[in-house]
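The values are calculated or read from the model by the stated rules, or taken from the named source; none is laboratory data. Just so it is clear, the structure is predicted and the values come from calculations on it, not from any experiment. Methodologically, a virtual Cβ is constructed for each residue, glycine included, from the backbone with ideal geometry; neighbour enumeration extends over all protein chains shown. When the accessible area is computed, the model is the full protein with side chains, heavy atoms only, and any ligands, DNA or RNA have been set aside. Shrake-Rupley method; radii C 1.70, N 1.55, O 1.52, S 1.80 Å.
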Amino acid sequence: MKSEPNVYSIEDLARQPEEIWDGVRNYQARNFLREMQIGDRAFFYHSNTKPPGIVGLMTILETDIVDPSQFDPSHKYYDPKSPADNPRWRTVKVGYGETFAHTLTLDQLKATFSPEELLVVKRGNRLSVMPIATPIAEQILAMTQS
């Protein structure tokens, strides 16, 4: 799950260790959120920074939450076309897991994984939420320990 650190960072989550992951406005990313289960772990990826990369770990605490930002006209992610009786945007609540000792950079990920193995290394990929197969996730976790 990606976020720009100047908008919402792993440090923000560490300070308030439970938060909904609001503002996702891409249908494919939304569908990936729908597939999440309570207890799943997610990598926290800092995007649009130097260097971008995986900085920590979160746990999914709650699923199928209506994203309240879609109904707030003053919010950046307001969606006037989302009906209140059948909200278009749902999300999850995440819990802080840990901050890694060092960032696992996008360059390191590109050197290790193909775009078929890890979507975040695919050129032009802008999804903020994407799945990772368990064997790849285990490799990434091992890389954070070195």
Taking Cα atoms only, helix 134-144 is inclined relative to the longest principal axis of the chain by an angle, in degrees rounded to 10, of 60
Leaving out ligands, DNA and RNA, what percent of the accessible area of the chain is carbon and sulfur, probe 1.4 Å?
48
Selected from ASN48, ASN86, ASN31 as most flexible by GNM, with the chain as the system and alpha-carbon contacts under 10 Å:
ASN86
Could you please report the charge total around SER128, scoring K, R as +1 and D, E as -1 over all other residues with beta-carbon less than 15 angstrom from its beta-carbon?
+3
Specify the inter-centroid distance of segment 1-58 and segment 104-120, based on alpha-carbon positions, in whole Å.
17
Fraction of antiparallel bridges per DSSP, the chain only, in percent to nearest 5:
90
In segment 36-53, whose amide N lies under 20 Å from the spot 7 Å out along Cα-to-Cβ of ARG15? List them in ranges.
44-50
Correct semi-axes for segment 70-146, from √(5λ) of the alpha-carbon gyration tensor and rounded to whole Å with the largest first, are 33, 16, 12
Probe 1.4 Å, heavy atoms of protein chains only: per residue, the accessible area of the chain in Å² is 57
Restricting things to Cα coordinates, could you compute the convex hull volume per residue of the chain in Å³?
115
